[in-house]
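Have a look at the structure below before the remarks.
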Amino acid sequence: MREIKRIACVGAGYVGGPTMSVIAQKNPHITITVVDLNQARIDAWNDPDLNNLPIYEPGLDAVVGEARGRNLFFSTDVDKAIAEADMIFISVNTPTKTYGKGKGQAADLKYIELCARQIARVAKDDKIVVEKSTLPVRTAATLKSILDNTGNGVNFHILSNPEFLAEGTAIPDLHHPDRVLIGGEDIRAIEALVQIYEAWVPRERILTTNLWSSELSKLVANAFLAQRVSSINAISELCEVTGANVDEVSRAIGYDSRIGSKFLKASVGFGGSCFQKDILNLVYIARSYNLTAVADYWEQVILLNDHQKERFAQHIIKTMYNTVNGKKIVFLGWAFKKDTNDTRESAAIYVADHLLEEEAEIVVYDPKVSAEQIYRDLDYLGTRSPSENRRLLTVVSDPYEALAEAHAVAILTEWDEFKHYDWSKVKDKMKKPSFVFDGRKILNSKDLQDLGFQYYAIGE
Ligand code: UDX
Ligand code: ADP
């Protein structure tokens, strides 16, 4: 196996961008080119002003600043990058299918297949092809079949190397991963990838498995994490009717070292590009093997999450005297979690959709999400016309301006700045009674009640 001197990464998104930036930072002797079909995205990655990178991720600017132009490059010339590379990472998106068989459940492998065909067409020498995107189990077989049958007679070694970074903490997660997982069949190809990670990850944290175990482990890790959130969210509803406090319950159970304290924060519902998609995928695979009990079990995690979002919206409506028609409700936050500008599957989208059905007047403030993105998210649902979405929902860049004359505030993302607002000043600006619906439990209920707010938090 030849020494890895050049890497290409297809897909410059939330996974490809940060991952390749850190690999380049830690391996200055390897030239890495990240390619994407999206010219605007590549231009943003190349923007001299590091504040304009296409994704917001704390610490990413410094890593890109260090490596870009040295051994890290961003380009739209996909063919050239593939042709020159010894190793190719595939980091294209794999959304849930919106059509045909498996619609709404299976992963759409269209982009992966296009990418595989492109690699097969262009490659004139042996390549190691690494799956970085989360994929359904046995995608490697599909990839291998396309590569071997349409290629130019060169050898392809397929590795699965799922990414476990969480958005908002991508850079620390990449710098200090709990583990790196590499699945494959060819020992020398595996070793070539191990060496790249060994530049900064202790060897004992680099796990190697067979291809299928690696692919499945990624789905299972996300399913277990999402299940914890749905589990505590189920308990939050019980807490609300019984007088227990879900934070106290989380703390009490989290001290049990077998349970552990992480990922037990009740919320308005999990979002993000991975959890729902990966569980739907798991459910689809289980059903395709006729494992109905297994499929039903995991499907509940999604159903409970949908219930949590809907329940939050219904609670707002009920509390505001069963009518929100024409009432101004300020959304603090639109991203699916803090410290990211990613909105995929964000709970805010679905809560807004419920309230807009009741003709509420929504004003959104998010420190990092653009108005275009917010409207795109709503329009994508197809519930009402784009002009109707723009009539009922406005986006502002000044939170205090938004709060003037508001009937209610709904906190949808746990951005730190919301905790530090002058809530007494907010109260003065709002209509009375002033409602706060805290979907992230970031404010102190006693403080808010002392200020005279009608304060509701999930699970209290
Ligand atoms: C997740 C996995 O954590 C990561 O390993 C994988 O690579 C991709 O999917 P991500 O979706 O970026 O990462 O963020 P994560 O921190 O896992 O949060 C997912 C969602 O769950 C967010 O909406 C978050 O607000 C919510 N969440 C998380 C809770 O509501 N409560 C919690 O206790 C934890
Ligand atoms: P993720 O969160 O998985 O990184 P993103 O949607 O943020 O997902 O990024 C995936 C990127 O892959 C997008 O920028 C998209 O334009 C790019 N992409 C998809 N298919 C191809 C392809 N065949 N060639 C190059 N880039 C592609």
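Every number in this text was worked out from the coordinates using simple rules, so none of it is lab data. Given the structure is predicted, the values throughout are model-derived calculations rather than measurements. Every residue, glycine among them, receives a Cβ derived from its backbone with ideal geometry; neighbour counts consider all protein chains shown.
Miscellaneous remarks
- Computed over the stretch 34-184, the quotient of the alpha carbon radius of gyration and 2.2 N^0.38 Å is 1.11.
- Positive-end residue of Trp200, Leu181, Thr150, charge dipole of the stretch 142-200 with Cβ unit charges: Thr150
- Farthest toward positive dipole pole in the stretch 221-338 [+1 Lys/Arg, -1 Asp/Glu at C-beta], among Val268, Ala335, Asn305: Ala335
- Shown for the stretch 342-460 is the translational diffusion coefficient from the Stokes-Einstein equation, using the Kirkwood radius over Cα pairs, a temperature of 20 °C and a viscosity of 1.002 mPa s: 143 µm²/s.
- Taking 7 Å steps out from each Cα toward its Cβ at Asn38 and Lys110 produces label points 1.5 nm apart.
- For the stretch 198-277 versus the stretch 295-365, the inter-centroid distance based on Cα atoms is 21 Å.
- With the convex hull drawn over the C-alpha atoms of the stretch 166-263, the volume per residue is 121 Å³.
- Kirkwood Rh (inverse of mean 1/r, distinct Cα pairs), the chain, angstrom: 23.6 Å
- Here, the stretch 301-394 yields an orientationally averaged convex hull projection of 5.9 nm² when only Cα atoms define the hull.
- Calculated on C-alpha atoms, the gyration radius of the stretch 1-73 divided by its Kirkwood radius gives an Rg/Rh of 0.95.
- Around the Cα centre of the stretch 253-320, unit charges on the Cβ atoms of Lys, Arg, Asp and Glu (plus for the first two, minus for the last two) sum to a dipole of about 220 debye.
- Think of the chain as a dipole: +1 on every Lys or Arg Cβ, -1 on every Asp or Glu Cβ, centred on the Cα centre; then among Ser91, Leu135, Val10, Leu135 lies furthest on the positive end.
- Semi-axis lengths, Å, the stretch 160-205, gyration tensor of Cα atoms, sqrt of 5 times eigenvalues: 21, 12, 7
- Once the trypsin sites (Lys or Arg not before Pro) in DSSP loops with at most 16 neighbouring Cβ atoms within 10 Å are cut out of the chain, the longest remaining piece is 263-383.
- Screening the chain for DSSP H helices whose Cα atoms reach 24 Å or more along their own axis and whose mean Kyte hydropathy is at least -1.0 gives 211-242, 292-319.
- Whole-number percent relative contact order across the chain, with pairs defined as alpha carbons under 8 Å at least 6 apart: 12 percent
- Extent along principal axes [Cα atoms of the stretch 244-376; Å; largest to smallest]: 47, 38, 32
- Cβ-Cβ distance of Arg2 and Tyr255, R₀ of 45 Å, FRET efficiency by 1/(1 + (r/R0)^6): the value works out to about 0.30.
- For the stretch 213-256, the fraction of C-alpha pairs more than 11 angstrom apart is 69%.
- FRET E, pair Asp148, Tyr289, Förster distance 22 Å, beta-carbon r, rounded to 0.05: 0.30
- Cβ crowding within 10 Å, taken as a proxy for footprinting-reagent exposure, orders Ile458, Ile329 from fewest neighbours to most as Ile329, Ile458.
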